[in-house]
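Student: Structure below; questions to follow.
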Amino acid sequence: MAMFENLSDRLSDSLKKISGKASLSEANIQDTLREVRMALLEADVALPVVKDFIEQVKQRALGQEVNRSLNPGQQFLKIVQAELEKVMGEKNETLNLAAQPPAIILMAGLQGAGKTTSVAKLSRYLSEREKKKVMVVSADVYRPAAIEQLKTLAVEVGAEFFPSDISQKPVAIVNDAIAAAKKKFVDVLIVDTAGRLHVDDEMMGEIKQVHAAAKPIETLFVIDAMIGQDAVNTAKAFNEALPLTGVILTKVDGDARGGAALSVRHITGKPIKFLGVGEKVDALEPFHPERIASRILGMGDVLSLIEDVERKVDKKKAEKLAQKMTKGKGFDLEDLRDQLEQMNNMGGMAGLMDKLPGMGNMSQLVQQQDVTSQFGKMTVIIDSMTPKERRNPDILNGSRKRRITVGSGTTIQDLNRLLKQHKQMGKMMKKMKGKGMQNMMRGLGGLGGGMGGGMSGGPGGAMPPMGGLPPGGFPRR
């Protein structure tokens with residue numbers, strides 16, 4: 001996640017200086033807070049939010065809490081973390097769907113904020129994780145393309161789509177959709193509304209009418225993280241017009257500052273419930289303030305990583321590979337492809353690094369080295385082989401290699417590099433023989449452990465050098 005990259009780097013640097021100190025004085029607390037203040041302002045956090053935050057940290061740091069502790073520097077860090085959590089809302093706030101079905105969710109926001117995509121992502125989330133039957137409807141009668149887009153996305157996420165067209169009135173569309181949802185025994189109806197390029201009275205009047213007709217149990221404000229300070233003013237206007245129940249912050253993967261996430265809760269008093277973290281329809285994460293605070297301070301987000309593994313790793317494939325290893329059977333190219341796919345499902349190398357403690361700024365390097373595209377290239381090469389070749393790469397002679405490289409649009413060097421890496425991984429897997437599933441999973445995480453051969457500090461120890469990276473591993477910071 002690109003969000004908070006700059007803030008995280010700045011805060012880690014300032015807080016590192018103070019966290020090792022055996023005693024804290026008012027002077028060094030003030031110096032650190034000045035740096036923290038600058039870091040927050042540069043990250044586009046709204047001024048009133050910064051003022052309150054600094055004041056809270058200062059009161060607690062100068063109080064008895066720090067002086068009495070055995071490690072004042074660490075205690076100071078804990079205070080900063082706790083206050084960051086408080087600014088963002090302390091705990092994850094789930095959707096309230098306790099209503100006579102259908103529970104109605106109304107989506108509001110400006111044009112281009114990502115409302116329609118968020119409707120689809122939320123449908124997918126509710127049907128997959130909450131096992132709900134979802135229907136979606138568009139009350140955006142100004143943009144026929146928005147209705148078409150929602151129809152396409154509904155098919156993709158497996159939601160019921162209630163058709164509407166531009167000749168209808170938004171309120172009539174909503175009433176018809178509610179009646180249809182009741183007939184079809186739908187659990188949740190999500191209503192997409194019209195956005196404008198900026199807040200205007202006409203738009204606010206219309207959305208108030210739609211709100212009155214829909215009587216939603218959740219009114220979610222969808223906001224683009226990349227608009228920085230403007231996000232706060234827009235949030236304020238919507239919050240005054242509608243009884244918002246929560247916020248979905250979109251495009252957080254594109255914004256390195258993250259100020260909106262730290263400001264919106266404070267300004268509206270409404271919790272951020274979800275983050276949109278990419279284009280794909282499954283790229284929606286529940287917002288956990290404590291995990292985000294931990295990520296901002298460079299402490300990683302191991303809980304989210306564990307959830308990712310639980311949800312996205314194909315357990316059958318992992319078990320099959322573990323059994324193969326236990327029986328001492330070789331690690332073939334099909335196994336390697338499975339591992340690369342698992343990595344990709346979890347957001348690629350950078351996505352994993354981001355969530356590992358102390359690895360936040362490594363993820364930038366990973367992106368610069370473009371490891372994910374190298375994984376893609378490796379997968380394409382393996383796909384160009386016959387099943388027999390995948391299971392027994394030793395049979396690859398010159399003519400077979402030429403056929404594979406032509407078929408995958410790669411070079412002989414790319415193929416040889418892949419085979420060399422596969423051999424090294426096979427050796428490592430043999431060493432793991434008999435230690436079962438636990439090591440298998442560590443190996444999966446460790447795919448990044450020794451990327452480049454020089455960095456054996458990853459979760460699974462050193463792995464063979466990945467093609468194209470500097471032989472000494474990533475430069476250390």
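One line per residue, one yes/no per condition, for (1) acidic (D, E); (2) touching a residue at least 60 places away in the same chain (Cβ under 8 Å); (3) under 30 Å from E130 (Cα atoms):
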{"site": "K182", "(1), (2), (3)": "no, yes, yes"}
{"site": "V186", "(1), (2), (3)": "no, yes, yes"}
{"site": "D200", "(1), (2), (3)": "yes, no, no"}
{"site": "Q209", "(1), (2), (3)": "no, no, yes"}
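Student: Mind listing whichever residues of segment 23-51 are open to solvent by less than 60 Å² (accessible area, probe 1.4 Å), in contact (Cβ under 8 Å) with a residue 40 or more places away in the chain and under 28 Å from the mean Cα position of the chain (by Cα)?
Tutor: V36, L40, A43, D44, V45, A46, V49
Student: In segment 280-308, which residue that is part of a helix (DSSP H, G or I), open to solvent by 40 Å² or more (accessible area, probe 1.4 Å) and among the hydrophobic types (A, V, I, L, M, F, W, C) is modelled with the highest pLDDT?
Tutor: I306
Student: May I ask you to list the residues in segment 109-135 that are closer than 20 Å to Q209 by Cβ and out of contact with any Leu (no Cβ under 6 Å at 6 or more places or on another chain)?
Tutor: The answer is G109, L110, K115, V119.
Student: If you don't mind, another one. Can you tell me how many residues in segment 389-420 are within 15 Å of D335 (Cβ to Cβ) and part of a helix (DSSP H, G or I)?
Tutor: 6
Student: Another question, if that's okay. Of the conditions (1) assigned to a loop (DSSP other than H, G, I, E, B); (2) under 22 Å from the mean Cα position of the chain (by Cα), I166 fails just one. Which one is it?
Tutor: Failed condition: (2).
Student: Can you confirm whether segment 128-140 contains a residue that is aliphatic (A, V, I, L, M), open to solvent by less than 10 Å² (accessible area, probe 1.4 Å) and in a loop (DSSP other than H, G, I, E, B)?
Tutor: Yes: one or more hits.
Student: Give me the pairs: first residue in segment 378-396 and open to solvent by 60 Å² or more (accessible area, probe 1.4 Å), second residue polar (S, T, N, Q), beta-carbon distance under 6 Å, and six or more apart or on different chains, which are they?
Tutor: Short answer, once both residue conditions are applied: V380/S408.
Student: Mind checking which residues of segment 186-216 are outside any helix (DSSP H, G or I), more than 20 Å from K236 (Cβ to Cβ) and open to solvent by 40 Å² or more (accessible area, probe 1.4 Å)?
Tutor: D187, K215
Student: Might you let me know whether segment 161-180 holds any residue that is open to solvent by less than 20 Å² (accessible area, probe 1.4 Å) and within 25 Å of V264 (Cβ to Cβ)?
Tutor: Among the residues of segment 161-180, not one is open to solvent by less than 20 Å² (accessible area, probe 1.4 Å) and within 25 Å of V264 (Cβ to Cβ), which makes the answer no.
Student: Okay, moving on. Looking at segment 68-94, I want the residues that are buried (at least 17 other Cβ atoms within 10 Å of the Cβ) and have a partner that is in a helix (DSSP H, G or I) and modelled with pLDDT under 75 with Cβ atoms under 6 Å, at least 6 apart or on another chain. Which pairs are those?
Tutor: P72/V66; G73/I18; G73/S19; Q75/V66; F76/I18; F76/V66; L77/L15; L77/S19
The values are calculated or read from the model by the stated rules, or taken from the named source; none is laboratory data. Because the structure is a prediction, the values reported are computed rather than measured. Reconstructed Cβ throughout: ideal geometry from the backbone, glycine too, with neighbour counts over all protein chains shown. Calculation scope for accessible area: heavy atoms of the full protein, side chains included, ligands and nucleic acids excluded. Shrake-Rupley method; radii C 1.70, N 1.55, O 1.52, S 1.80 Å.
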